[in-house]
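Asker: Input: one structure, supplied below.
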Amino acid sequence: MSRLKDLTGQNFGYLSVLYKTHPNKNGEMLWMCKCKCGNMVEVNGCTLRNGLTRSCGCYQKEQNRKSKHKHNIFYLKENY
């Protein structure tokens, strides 16, 4: 088994790692992070290091708001 890397104090996208919590059911360590929007979220350390998790979900919501599209639904004009 590999040694646990301490991620405390590191930043990954919008997330700042505060402390480790407990292992998940697969034995992977979970970390408590604070997002730049203020939300607290528990994240798998592997997904943090691999860049798969970068926010609590606020980034995607922000991007949807900017593009005015939700879930790939485009609003069409009545008259073409």
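FYI, it's all coordinate maths here, none of it is from the lab. In this text, all values refer to a predicted model and were calculated from it rather than measured experimentally. In this analysis, Cβ positions are derived from the backbone assuming ideal geometry, glycine residues included, and neighbour counts consider all displayed protein chains.
Asker: From the phi angles alone, apply the Karplus equation (6.51, -1.76, 1.60; θ = phi - 60°) to region 50-59 and give each ³J(HN,Hα) in whole Hz, x where the residue is Gly or Pro.
Answerer: Coupling constants for region 50-59: 7, x, 7, 10, 10, 7, 7, x, 5, 5 Hz.
Asker: Can you work out ³J(HN,Hα) from phi for every residue in region 36-42, in order, using Karplus 6.51 cos²θ - 1.76 cosθ + 1.60 and θ = phi - 60°, giving whole Hz and x for Gly and Pro?
Answerer: Listing the rounded values in order: 5, 7, x, 6, 9, 9, 9 Hz.
Asker: Less than 10 Å Cβ to Cβ from Leu30, Lys/Arg counted +1 and Asp/Glu -1: what total charge do the surrounding residues give?
Answerer: Details: positive: Lys20; negative: Glu28, Glu42.
It works out to a net charge of -1.
Asker: How much length would be gained if the chain were fully extended between Leu4 and Thr21, taking 0.36 nm per residue of separation minus their Cα-Cα distance, in nm to one decimal? Working shown, then result.
Answerer: Working: separation 17, 0.36 × 17 = 6.12 nm, distance 1.28 nm.
Roughly 4.8 nm would be gained on extension.
Asker: Assuming 0.36 nm per residue, please report the length gained on full extension of the stretch Asn11 to Leu30 beyond their Cα-Cα distance. Numbers along the way, then the final one.
Answerer: Details: separation 19, 0.36 × 19 = 6.84 nm, distance 1.51 nm.
Difference between extended and current length: 5.3 nm.
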